[in-house]
Amino acid sequence: MLEIKNLHAELEEDSDVKILNGVSLSVKPGEVHAIMGPNGSGKSTLSYVLSGRDGYAVTDGSATLEGESLLDMEPEERAAAGLFLAFQYPVEIPGVGNMTFLRTAVNAQRKARGQDELSAGEFLKLVRAKAKELQIDAEMLKRPVNVGFSGGEKKRNEILQMAMLEPRMCVLDETDSGLDVDAMKLVSDGVNKLRADNRGFLVITHYQRLLNHIKPDVVHIMSHGRIVKSGGPELALEVEENGYGDLLAEGAA
């Protein structure tokens, strides 16, 4: 599904700052992969490069989604191809209602895929059903996007966006950041409800606590812009118990 091979990237305005230094990984349909690593290891940059955020230049390697090159697409084309990025800090959009935002996004993607747009009635029925399934208060749908939302509400709102857009590959960039235990469980439950045999997840996190709720199939440890070790869920437990020191030394050997 998602194939990343020898991916190198640097800051667009400063080619001396190399951030990704040969990242390679493969996420198959139905799999959840977690990426862990110390601050500055390149985890979030990987998510930005995959989504097409400005400010980064890819100098080598490839990233494909179901055989199509993501790096050749504009950000909106990557979204239409099935890539979704949940931000560490979701932005507020004053003056734009949640319902308007969601319907515009859903219909833009349907149009890009050659599908008929949803009517107002069809959309309303669908969004209410998704919100109920994810235990999201219907009042959130009436508010401007993320304005006045708590950290947990912002993250749950992104899970609703994910449910409505039905992406093939979901990248979660430190979605547990700033959440208390209850909010993290609610967000994790929402993610788990979206797990499917034809959908992959790449979960970027610092902490094992999120992976207690979102069980990964594969865990990668990232350092200095590359993956230094991969393994099963037990690898995250090792980090929780011993920190990154031994693993990073092992990867550098």
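The table for this structure:
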| item | result |
| --- | --- |
| Test result for LEU102, touching a Lys or Arg at 6+ places or on another chain (Cβ under 9 Å) and of a type outside the set (D, E, K, R) | no |
| Any hit, segment 142-155, residues being within 21 Å of the chain's Cα centre (by Cα) and touching a residue at least 60 places away in the same chain (Cβ under 8 Å) | yes |
| Evaluation of ASP176 against (1) farther than 26 Å from GLY42 by Cα; (2) in contact with a helix residue (DSSP H, G or I) (Cβ under 6 Å, 6 or more places away or on another chain); (3) among the charged types (D, E, K, R); (4) not in a helix (DSSP H, G or I) (one fails), failing number | (1) |
| ARG103 vs. criteria touching a helix residue (DSSP H, G or I) at 6+ places or on another chain (Cβ under 6 Å) and of a type in the set (Lys, Arg) | yes |
| Filter result for the condition that a residue is polar (S, T, N, Q) and within 30 Å of LEU134 (Cβ to Cβ), over ASN242, ASN198 | ASN198 |
| Scan of segment 105-121 for residues that are out of contact with any Lys or Arg (no Cβ under 8 Å at 6 or more places or on another chain) and surrounded by 13 or more Cβ atoms within 10 Å (Cβ to Cβ), ordered by number | ALA105, VAL106, ASN107, ALA108, GLN109, ARG110, ALA112 |
| Cross-chain or 6+ apart pairs with Cβ under 6 Å, segment 7-33 first and without any contact (Cβ under 8 Å) to a residue 12 or more places away in the chain, then not acidic (Asp, Glu) | VAL17/LEU11 |
| Of all residues in segment 93-104 being outside any strand (DSSP E or B) and hydrophobic (A, V, I, L, M, F, W, C), the one that is surrounded by the most Cβ atoms within 10 Å (Cβ to Cβ) | LEU102 |
| Breaking point among (1) in contact with a Lys or Arg (Cβ under 6 Å, 6 or more places away or on another chain); (2) within 23 Å of PRO216 (Cα to Cα), for GLY61 | (2) |
| ALA105 vs. criteria closer than 30 Å to ALA138 by Cβ and at pLDDT below 90 | no |
| In segment 41-60, residue surrounded by the most Cβ atoms within 10 Å (Cβ to Cβ) [restricted to those that are over 17 Å from GLU174 (Cβ atoms) and more than 15 Å from the chain's Cα centre (by Cα)] | TYR56 |
| In segment 143-167, the residues that are touching a strand residue (DSSP E or B) at 6+ places or on another chain (Cβ under 7 Å), in a helix (DSSP H, G or I) and not acidic (Asp, Glu) | MET162, LEU165 |
| Any chance VAL23 is modelled with pLDDT under 95, in a strand (DSSP E or B) and farther than 30 Å from GLU139 by Cα | no |
| Some residue of segment 139-153 being surrounded by 12 or more Cβ atoms within 10 Å (Cβ to Cβ), closer than 23 Å to LEU172 by Cα and out of contact with any helix residue (DSSP H, G or I) (no Cβ under 8 Å at 6 or more places or on another chain) | yes |
| Residue in segment 65-85 that is touching a strand residue (DSSP E or B) at 6+ places or on another chain (Cβ under 9 Å), crowded, with 19+ Cβ neighbours inside 10 Å and among the charged types (D, E, K, R) present | yes |
| Unique residue being of a type in the set (Gly, Ala, Ser), over 15 Å from PHE87 (Cβ atoms) and modelled with pLDDT under 90 when the list is GLY178, GLY121, GLY114 | GLY114 |
| Verdict on LEU118 being assigned to a loop (DSSP other than H, G, I, E, B) and aliphatic (A, V, I, L, M) | yes |
| Criterion (assigned to a loop (DSSP other than H, G, I, E, B), of a type outside the set (S, T, N, Q), over 17 Å from the mean Cα position of the chain (by Cα) and surrounded by 15 or more Cβ atoms within 10 Å (Cβ to Cβ)) met by exactly one of PRO90, PRO38 | PRO38 |
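The values are calculated or read from the model by the stated rules, or taken from the named source; none is laboratory data. Bear in mind the structure is a predicted one, so any value in this text is a computation, not a measurement. Positions of Cβ are backbone-derived with ideal geometry, glycine not excepted, and every protein chain shown enters the neighbour counts.
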